[in-house]
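Accompanying notes for the structure given below.
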Amino acid sequence: MKNFEIINKLKELQARMAELKEEEDLLHVQLRNRINEAKELRAKRDELNDKVKEISSKPKEILSERKEIWEDIKETSVEKRNLIRQIQPYLQRIGELRKVRDSYNSASRGSMERLVQIYAETADRLFNADVNLKSELYLYEGLFGLRDRIVMKRKADRLHQEIVRIKEEDLSIYNKSMEELDIKIDVMKERSHTELETAKNLWSERDALRAQAQTHHKEYLEKNRLIKDIKRSIDMKKVEKHQLYKEMDSWRSELKKSPQERNELDRNRKLKDALVKYKRGESLSLDEMGLLLEAGELK
């Protein structure tokens, strides 16, 4: 091989070497950027996962408190049922009195004021008006009937007063206690509802943060895959550079050899290439066939 051919070959190799260095420098820049991005994604992911862990424990505490609230509600409800059992005889008595009172009211057919007024008017007509015997008998019957209705109305009013007394005196203390228990139960139920809504909101927040963390984790894994690809590309560039260095050293060494040594090296190189093509079953030129025949490799 001529000197200028070797020099041109060295220039080609040096040009390729410069390209490889430039490509490798660019890959290193990309690698640093991808590593920094991966670190940021990992930090965001870990921060979100820490928040998820922190939030996840809160609903458990809230539900535990809510369970205690419902235990208190059950206990208070038992108190309320016991109170109702104590009230029951009074309510039963009121029911019985109301039934009798209503039957008296039905028999009296009017208010006390109206009955007394009609009685007075009837008595006045009977004793002061000039009526015949038939009318007098009729008015007497009316007075007796009104007297009976007034008696019924008095009995109904007394029963009504007894009902009012039971409500205002006997049941008043129970009513106050019942009202207090109802308020207590309502407050605890409202608190339980608030606790449940708080837990639901925390679960929603936890799930949203977990979804963000998973998204960042997927992005982090993708960045790591890119980092591996870039590192693989850098390694390939280094291997190619190493091969170029060896090839350049070989050509530099050949440049120092005599023409005879170069011809022998060139012949051996061509023979090696022809032998590779022959073994692959590729077509050979006449020169390549000649080299193989001369070397005894063509069979």
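Condition (residue is aromatic (Phe, Trp, Tyr), closer than 30 Å to residue 53 by Cβ and surrounded by 14 or more Cβ atoms within 10 Å (Cβ to Cβ)) applied to segment 220-234: is it met by at least one residue? Reasoning before the result, please.
We begin by selecting, within segment 220-234, every residue aromatic (Phe, Trp, Tyr); these are 220.
Retained after the next criterion (residues that are closer than 30 Å to residue 53 by Cβ): 220.
Going one step further and asking which of them are surrounded by 14 or more Cβ atoms within 10 Å (Cβ to Cβ), we end up with 220.
Yes, the conditions are met somewhere in segment 220-234.
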Practice task
Could you tell me whether residue 182 is touching a residue at least 12 places away in the same chain (Cβ under 8 Å), in a helix (DSSP H, G or I), surrounded by 14 or more Cβ atoms within 10 Å (Cβ to Cβ) and among the acidic types (Asp, Glu)?
Solution key: no
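Only one of these is modelled with pLDDT under 85 and either at negative phi or polar (S, T, N, Q) (or both): 226, 298, 244, 221. Name it.
Values: 226 fails: modelled with pLDDT under 85; 244 fails: modelled with pLDDT under 85; 221 fails: modelled with pLDDT under 85.
So the residue among 226, 298, 244, 221 that is modelled with pLDDT under 85 and either at negative phi or polar (S, T, N, Q) (or both) is 298.
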Practice task
Could you give me the residue pairs with C-beta distances under 9 Å whose first residue belongs to segment 66-79 and is assigned to a helix (DSSP H, G or I), whose second residue is surrounded by 12 or more Cβ atoms within 10 Å (Cβ to Cβ) and of a type in the set (Ser, Thr, Tyr) wherever it lies, and which are 6+ apart or on separate chains?
Solution key: 66/192; 69/192; 70/192; 73/192; 79/177
Problem - Members of segment 152-175 found to be hydroxyl-bearing (Ser, Thr, Tyr) and surrounded by fewer than 14 Cβ atoms within 10 Å (Cβ to Cβ), listed by number - result: 172
Handout entry: Residues (closer than 16 Å to residue 219 by Cα and free of Cβ contacts under 8 Å to residues at least 12 places away in the same chain) located in segment 7-51
Key = 33, 36, 39, 40, 43, 46, 47
Exercise for the section: Give the number of residues within segment 56-81 that are surrounded by 13 or more Cβ atoms within 10 Å (Cβ to Cβ), under 27 Å from the mean Cα position of the chain (by Cα) and hydroxyl-bearing (Ser, Thr, Tyr). Expected result: 1
Handout entry: Every residue from segment 278-299 that is surrounded by fewer than 15 Cβ atoms within 10 Å (Cβ to Cβ) and under 23 Å from residue 9 (Cα atoms)
Key = 287
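Only one residue in 11, 53, 44 is buried (at least 16 other Cβ atoms within 10 Å of the Cβ) and out of contact with any Phe, Trp or Tyr (no Cβ under 8 Å at 6 or more places or on another chain), so which one is that? Give the steps one after another, and end with the answer.
On the way: 11 fails: buried (at least 16 other Cβ atoms within 10 Å of the Cβ); 53 fails: buried (at least 16 other Cβ atoms within 10 Å of the Cβ).
Sole residue among the options that is buried (at least 16 other Cβ atoms within 10 Å of the Cβ) and out of contact with any Phe, Trp or Tyr (no Cβ under 8 Å at 6 or more places or on another chain): 44.
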Exercise for the section: Taking residue 148 as the residue in question, decide whether it is assigned to a helix (DSSP H, G or I), acidic (Asp, Glu) and surrounded by 14 or more Cβ atoms within 10 Å (Cβ to Cβ). Expected result: no
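The values are calculated or read from the model by the stated rules, or taken from the named source; none is laboratory data. Note that this is a predicted model, so its numbers are computed, not measured. Here the Cβ is made from the backbone with ideal geometry for all residues, glycine too, and neighbour counts use every protein chain on show.
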